[in-house]
1. What pairs come up if the first residue lies in the range 81-93 and is under 12 Å from Gly71 (Cβ atoms), the second is of a type in the set (Val, Ile, Thr) and exposed (fewer than 15 other Cβ atoms within 10 Å of the Cβ), and their beta carbons are under 8 Å apart, counting only those six or more places apart or on different chains?
2. When residues of the range 32-55 are filtered for being of a type outside the set (S, T, N, Q), modelled with pLDDT of 75 or more and under 27 Å from Arg194 (Cα atoms), how many remain?
3. Go over the candidates Ala117, Ala112 one by one and state the one that is within 15 Å of the chain's Cα centre (by Cα), within 23 Å of Pro50 (Cβ to Cβ) and not charged (D, E, K, R).
4. Can you confirm whether the range 111-121 contains a residue that is among the polar types (S, T, N, Q), assigned to a loop (DSSP other than H, G, I, E, B) and farther than 20 Å from Gly64 by Cα?
5. All but one of (1) at pLDDT below 90; (2) farther than 14 Å from Val133 by Cα; (3) surrounded by fewer than 13 Cβ atoms within 10 Å (Cβ to Cβ); (4) not polar (S, T, N, Q) hold for Gly74; which doesn't?
6. Of Ala112, Ala181, Ala144, which residue is modelled with pLDDT under 95, more than 26 Å from Pro61 (Cα to Cα) and not β-branched (Val, Ile, Thr)?
7. Mind listing whichever residues of the range 151-164 are of a type outside the set (Gly, Ala, Ser) and either surrounded by fewer than 21 Cβ atoms within 10 Å (Cβ to Cβ) or in a helix (DSSP H, G or I) (or both)?
8. With respect to Arg148, determine if the residue is in a helix (DSSP H, G or I) and of a type in the set (D, E, K, R).
Amino acid sequence: MAGDAPVSNPWLSPNRPSAGNNGEPQRSVQDALTALTGPAAPQGAGVPRPAHVLPVTAPQPIAGPGWWWLGVHGGAGVTTLERAVPGGQDAHRAWPVSEVPQPVVLVARSSAGGLKAAQSAAQQWASRTVTGVELLGLVVVADAPGRRPRVLRDLLRLASGAVPRLWEIPWVEAWRLGEPATAHLPRECVPLARDLAQLTRRA
């Protein structure tokens with residue numbers, strides 16, 4: 001109704017970009033690199049705890065720039081990402097909690113099982129049953145070449161809607177054949193590395 005205060009969306013930043021001369025939002029380089037596409041913080045109340053939860057460990061915290069790759073299922077692609085995008089460490093399929101929030105990136109394959117595991121991990125985070133982590137987003141590694149079936153696209157939409165950011169890595173046949181990850185980097189690794197470096201940069 002006219003005169004009512006606008007309803008705020010708790011998942012959107014209150015600092016919205018201002019419009020430029022052409023009416024398009026003006027965004028800084030940092031905004032462009034690390035723009036949120038999902039919730040920035042756990043929802044908490046009302047989010048059911050998933051039936052399958054990842055364990056929690058207390059490893060040595062990462063000092064300085066860096067992050068944890070958290071594979072949400074076996075064969076997610078963490079080892080390959082460690083080689084292709086330096087800076088992250090394998091969390092060994094457990095939330096790396098600490099008194100100092102640890103930057104975490106979920107990793108899943110684009111299969112139905114992988115995306116459902118990603119959705120469960122996102123629910124676990126959203127329900128606030130995991131503390132001591134800063135979830136940066138989800139990396140989905142293609143499980144097969146070509147266009148995904150609609151059912152998998154729908155599952156990806158559900159899973160990615162529950163995390164702050166989504167990055168997708170396409171199928172790389174050379175990786176499947178065991179060739180060095182750094183010798184066959186898809187272009188999608190460039191923005192992934194850039195974003196994570198920006199997000200984990202320490203003042």
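The values are calculated or read from the model by the stated rules, or taken from the named source; none is laboratory data. Fair warning: this is a prediction, and the values are worked out from it, not measured in the lab. In this analysis, Cβ positions are derived from the backbone assuming ideal geometry, glycine residues included, and neighbour counts consider all displayed protein chains.
1. Final answer for the pair search is Asp90/Thr79; Ala91/Thr57; His92/Thr57.
2. 7
3. Within the list Ala117, Ala112, the selection yields Ala117.
4. Yes, the range 111-121 contains a residue that is among the polar types (S, T, N, Q), assigned to a loop (DSSP other than H, G, I, E, B) and farther than 20 Å from Gly64 by Cα.
5. The single condition Gly74 does not satisfy is (1).
6. Testing whether each residue is modelled with pLDDT under 95, more than 26 Å from Pro61 (Cα to Cα) and not β-branched (Val, Ile, Thr) leaves just Ala181.
7. Of everything in the range 151-164, those that are of a type outside the set (Gly, Ala, Ser) and either surrounded by fewer than 21 Cβ atoms within 10 Å (Cβ to Cβ) or in a helix (DSSP H, G or I) (or both) turn out to be Val151, Leu152, Arg153, Asp154, Leu155, Leu156, Arg157, Leu158.
8. Criteria not met by Arg148.
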